[in-house]
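Only the coordinates and a few stated rules stand behind these numbers; no lab work does. Treat the numbers as computed from the prediction; the structure is a model and nothing was measured. Using ideal geometry, Cβ is built from the backbone for each residue, glycine included, and neighbour counts are taken over all protein chains shown.
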């Protein structure tokens, strides 16, 4: 596991109730930053609410090529054209994959 920067920069984008600090488990040194326009500066981005496959397809490629990952909020891979709906589940955009994200995110 990689050593995390202090503070861990988190970005939340929600439709409905905001999860806020309750989403980060056991990491006291984190900072919630800006809004959707700050995503390039975040280590972790949690999107709660409706997005479509068309919203994440190109982004997933770019994030993956940069060393990150986009997955469902329960850390399952996003699938494309395999479900009855084109809507994505709540999702995470994760930075450095050497970080143990599953130990930090409590969703």
Spin-label zone in region 57-79 - amide nitrogen under 16 Å from a point set 7 Å from the Cα of residue 97 along the C-beta vector: 59-72, 75-79
field: residue 13-residue 61 pseudo-label distance in nm [points 7 Å out on the Cα-to-Cβ vector]
entry: 1.9 nm
message: If I stretch the segment between residue 75 and residue 87 completely, what's the gain in nm (0.36 nm per residue apart, minus their alpha carbon distance), one decimal?
response: 2.7 nm
